[in-house]
Structure formats: C-alpha cells, structure tokens
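See structure below.
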Amino acid sequence: MQYEEFGPRRSREAKKPKVLCPPLGFYQCRHCGSIFQALSLKERVLPECCDEEMERLEAQAPSEFSDEFLIDYKIIGGYNENVVEVFWKIKNKNISIEWVYLRTFTGGQLKYVVNPKKTTFVFALADEDAYVYCDEDPCLECVFQCKRGFEIYARIKEKGLIRVPLERMHASW
C-alpha cells in the first residue's frame, strides 16, 4: 500500500481560499526617498516622513512602461512544494529593480535586490497560499487559476511601481 506524503508547507484546504490580505498601498518620502508599505490605509491618514505626508506610489501595469524591461512569473512545484518564481530582464543598464513584493491570499513577502546581477526571486508558499488544484510542475495555467488574487509588485527606481496580477491562463497546453 502506497501512502501519500504530506509536506509541512502543503495546503490542507479542500477548495481555493479567498483573498484575505487587504489591498496594498506603497508610499514614498519626497525628501529622503524612504518607502512605506501599508495595508488598507485610509486616504485621510497618510504616513509621514521628514515632517511631511508621504506621496502614494500608484502601481502601473507593465504595458504602461516602455520595452526597457520585462517582468514575468512561473508557478513551480506540486502539492507539497509550490513556489512563485518572479524573473525580470532589463535591457537598459540605467534602470534597476530595488525590490519585489508578492501579495498572496493571507499576506505577502518582500525581497530586496542586493545583487544587481540577480534576475530572479523564488517565493516559497505554505498553508493556504500553497493551495493548488493539481500536481503539475510547472503550472499549466489552466482555468482553475489557483493563484488568482496574487499580485507581484516591483519597484523600479527610475520608473516607478509595477503591479503584475497572477491571472494568466492558457486555453490549451
């Protein structure tokens, strides 16, 4: 008799979880450049830095930027070990990615780019965030869209904030 192995990060959910993580807001100080990330901040109460209200960074779709860079993702792994791999390609050497944030069903993860030669991050998932419909590796991006609701935010120092929703779906494989 063969037993199915359950990894410690595997989702135990019987159906796709709802997105519980509230919308994100990113704010930047006009003077020192500090970035502040907030969940469900009311517009009337803005964070302050350098004795002044911070400016809200409006996230844009990658299509609104030029062809100077590409940001994309893959969902890798099966039931026990699934991750979101975010990768980028920069054509213009004068621009750089500062950080990448992955918003998930229950929270998020932030990673800073400390090595300018680095072009990929792997975000490991656990519990509800690790929910998958099937055990395909890599993800077939089918109609079930297991990670729909996830969002990738990338801060490009010279260009602004990019938002990439994980909602890609392929009609056939």
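The values are calculated or read from the model by the stated rules, or taken from the named source; none is laboratory data. Not measured: the values here are computed from a predicted model. Virtual Cβ from ideal backbone geometry, glycine too; neighbours counted across all protein chains shown.
Taking the criterion of being without any contact (Cβ under 8 Å) to a residue 24 or more places away in the chain, closer than 14 Å to VAL19 by Cα and part of a loop (DSSP other than H, G, I, E, B), would at least one residue in region 94-108 satisfy it?
Looking through region 94-108, none of the residues is without any contact (Cβ under 8 Å) to a residue 24 or more places away in the chain, closer than 14 Å to VAL19 by Cα and part of a loop (DSSP other than H, G, I, E, B).
If I go through region 99-143 residue by residue, how many of them are crowded, with 20+ Cβ neighbours inside 10 Å and acidic (Asp, Glu)?
1
I'm trying to understand the selection: among the residues of region 6-39, which are within 21 Å of ARG148 (Cα to Cα), small (Gly, Ala, Ser) and surrounded by 17 or more Cβ atoms within 10 Å (Cβ to Cβ)?
SER11, GLY25
Let me spell it out: the conditions are (1) more than 27 Å from ARG10 (Cα to Cα); (2) of a type in the set (A, V, I, L, M, F, W, C); (3) not in a strand (DSSP E or B), and ILE162 meets all of them except one. Which number is the exception?
(3)
Tell me, please, whether a residue that is of a type in the set (Lys, Arg), under 26 Å from TYR131 (Cα atoms) and either at pLDDT 90 or above or surrounded by 11 or more Cβ atoms within 10 Å (Cβ to Cβ) (or both) can be found in region 69-89.
Looking for residues that are of a type in the set (Lys, Arg), under 26 Å from TYR131 (Cα atoms) and either at pLDDT 90 or above or surrounded by 11 or more Cβ atoms within 10 Å (Cβ to Cβ) (or both), one finds at least one in region 69-89, hence yes.
So, in region 149-173, of the ones that are surrounded by 14 or more Cβ atoms within 10 Å (Cβ to Cβ) and among the charged types (D, E, K, R), which residue ends up farthest from GLN28 (Cα to Cα)?
Within region 149-173, the match that is farthest from GLN28 (Cα to Cα) is ARG168.
If ASN115 meets every condition in (1) under 26 Å from MET169 (Cα atoms); (2) free of Cβ contacts under 8 Å to residues at least 40 places away in the same chain; (3) in the same structural domain as GLU136 (by TED's automatic domain parsing) apart from one, which number is that one?
Against the list (1) under 26 Å from MET169 (Cα atoms); (2) free of Cβ contacts under 8 Å to residues at least 40 places away in the same chain; (3) in the same structural domain as GLU136 (by TED's automatic domain parsing), ASN115 comes up short only on (1).
Within region 109-118, track down each residue that is assigned to a strand (DSSP E or B) and aliphatic (A, V, I, L, M). Give the steps one after another, and end with the answer.
So the first thing to find is which residues in region 109-118 are assigned to a strand (DSSP E or B), and the list is 109-112.
Once the filter is applied, which keeps residues that are assigned to a strand (DSSP E or B) and aliphatic (A, V, I, L, M), region 109-118 yields only LEU110.
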